[in-house]
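Since the structure comes first, as structure tokens, the remarks are kept for the end.
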Amino acid sequence: MWPSASRDYIAKMRADLGGDETLFTDFDYVAERMCEAEVRKRGKTRGELEPSPSQLKTFLEAEGRL
């Protein structure tokens with residue numbers, strides 16, 4: 001869920017720092033490999049695996065309680 005939850009933050013950080021697309025490239029790489037593995041493992045499309053806004057909210061609330 002972290003790639004989806006952090007998408008807006010990463011875009012804002014890149015924009016705030018002059019559009020530097022090199023920021024978070026390692027994170028993007030790992031997230032992409034994980035997504036590809038989930039697509040293969042679960043036999044679903046990327047769209048089907050994308051969490052809904054309510055799922056993201058629940059996830060982030062749970063993470064905040066850790």
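The values are calculated or read from the model by the stated rules, or taken from the named source; none is laboratory data. Predicted model, so just to flag it, every value in this text is computed and none were measured. Counting neighbours? That spans all protein chains shown, and the Cβs are built from the backbone with ideal geometry, glycine included.
Observations on the structure shown:
Yes/no per residue for (1) in contact with a His (Cβ under 6 Å, 6 or more places away or on another chain); (2) at pLDDT below 95; (3) surrounded by 13 or more Cβ atoms within 10 Å (Cβ to Cβ); (4) not hydrophobic (A, V, I, L, M, F, W, C):
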position: Glu21; (1), (2), (3), (4): no, yes, no, yes
position: Ala37; (1), (2), (3), (4): no, no, no, no
position: Arg40; (1), (2), (3), (4): no, no, no, yes
position: Ser52; (1), (2), (3), (4): no, no, no, yes
position: Leu56; (1), (2), (3), (4): no, no, yes, no
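- Evaluation of Gly47 against (1) at negative phi; (2) surrounded by 13 or more Cβ atoms within 10 Å (Cβ to Cβ) (one fails), failing number: (2)
- Looking only at residues in the range 1-46 that are aliphatic (A, V, I, L, M) and over 11 Å from the mean Cα position of the chain (by Cα), the one that is farthest from Ala62 (Cα to Cα) is Leu17.
- Of all residues in the range 2-16, exactly one satisfies the criterion of being touching a helix residue (DSSP H, G or I) at 6+ places or on another chain (Cβ under 7 Å) and either hydroxyl-bearing (Ser, Thr, Tyr) or at positive phi (or both), namely Ser4.
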